[in-house]
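One structure is given below, encoded as structure tokens.
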Amino acid sequence: MGRAFEYRKATKLKRWGNMARTFTRIGKQIAIAVKANGPDPDNNPHLRAVLANAKHENMPKDTVERAIKKAMGKDQKDYKEMNYEGYGPFGVAIYVETATDNTTRTVANVRSAFNKNNGSLGTSGSLDFIFDHRSMFTFKKKEEMDMDDLILDLIDFGVEDEYDEEEGEITIYGDPKAFSQIQNYLEENGFEVTSSEFTRIPNNLKEVTEEQRAQLDKLIERLEDDEDVQNVYSNIQPATEEK
């Protein structure tokens, strides 16, 4: 089992916040996808991926339909995806992904969260050496499928030979630039994709004490409470891996 598998398994891809925040996050993703390539998922791979995630998160069908309809309206806000990188206390790296209609507001809120929790906002690209940006696909396992053959077919798309198999589903990781190609391959070969997204996997985990973890949680929770924030990643070593 590889680094991505172990980290994902330990953290369970924990999402801070409640269901309402999750639906708000997906709603923004729907708006961005529809604005870019239209409301028809058959002709919009990005939207298909978002809708699969919405289903995976149990987002009601009527809520999804309203989000698509709203995204087609003249009053729909234009969201811009912005990333922010910094360090929390104890030298922990924190990567923040946002979708915002007001970058001035968002960067001020993110900087305030860092400053008020003994952290500091850094420059763009400063954490590239700590986090690997990967595309991630989860799909239903077929009977009698050969994973070695599947990975061999996908290796040209930067898919890694290590994968996560759990509860009848397979999760693979690939080159983020090949997201559409991987998605198309899986769909064209009859795989039921249940979730697909971009993720960031830390390659340098930081050990912290329970007291330090509690302080870091306050910063991460403050960031996740912001309505513009989509995802927060850190290189905190998961508690289940601590000795």
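Only one of the numbered conditions (1) part of a strand (DSSP E or B); (2) assigned by TED's automatic domain parsing to the domain that holds Ala31; (3) not basic (Lys, Arg) is not met by Thr98, and that is (2). In the range 125-141, the count of residues that are surrounded by fewer than 21 Cβ atoms within 10 Å (Cβ to Cβ), in the same structural domain as Thr171 (by TED's automatic domain parsing) and over 20 Å from the mean Cα position of the chain (by Cα) is one or more. Being in contact (Cβ under 8 Å) with a residue 60 or more places away in the chain and surrounded by fewer than 18 Cβ atoms within 10 Å (Cβ to Cβ): is that true of Glu211 here? In short, no.
Within the range 27-78, how many residues are of a type outside the set (Lys, Arg) and in a loop (DSSP other than H, G, I, E, B)? Before you say what the answer is, go through the steps one by one.
Just the residues of the range 27-78 that are of a type outside the set (Lys, Arg), to begin with: 27, 29-34, 36-47, 49-54, 56-60, 62-65, 67-68, 71-73, 75-76, 78.
Right, trim to in a loop (DSSP other than H, G, I, E, B) and you get 38-40, 44, 57-60, 73, 75-76, 78.
Of the residues in the range 27-78, 12 are of a type outside the set (Lys, Arg) and in a loop (DSSP other than H, G, I, E, B).
When the strands (runs of 3 or more DSSP E) confined to the range 131-203 are screened for residues that are in contact with a strand residue (DSSP E or B) (Cβ under 6 Å, 6 or more places away or on another chain) and more than 30 Å from Tyr84 (Cβ to Cβ), those reaching at least 1 such residues are found at 131-140, 169-174.
Within the range 72-100, track down each residue that is of a type in the set (A, V, I, L, M, F, W, C), over 17 Å from Thr199 (Cα atoms) and surrounded by 20 or more Cβ atoms within 10 Å (Cβ to Cβ). If you could, list the steps in order and put the result at the bottom.
Within the range 72-100, the subset of a type in the set (A, V, I, L, M, F, W, C) is 72, 82, 90, 92-94, 96, 99.
Retained after the next criterion (residues that are over 17 Å from Thr199 (Cα atoms)): 72, 90, 92.
Answer for the range 72-100, where residues must be of a type in the set (A, V, I, L, M, F, W, C), over 17 Å from Thr199 (Cα atoms) and surrounded by 20 or more Cβ atoms within 10 Å (Cβ to Cβ): just Val92.
Determine if the range 102-121 includes at least one residue that is surrounded by fewer than 20 Cβ atoms within 10 Å (Cβ to Cβ), closer than 26 Å to Ala49 by Cα and modelled with pLDDT of 95 or more. Yes, some residue in the range 102-121 is surrounded by fewer than 20 Cβ atoms within 10 Å (Cβ to Cβ), closer than 26 Å to Ala49 by Cα and modelled with pLDDT of 95 or more.
The values are calculated or read from the model by the stated rules, or taken from the named source; none is laboratory data. Bear in mind that the values here come from a model prediction, so they are computed numbers and not experimental data. Don't worry about glycine lacking a Cβ; one is built from the backbone with ideal geometry, like all the others, and counts go over all protein chains shown.
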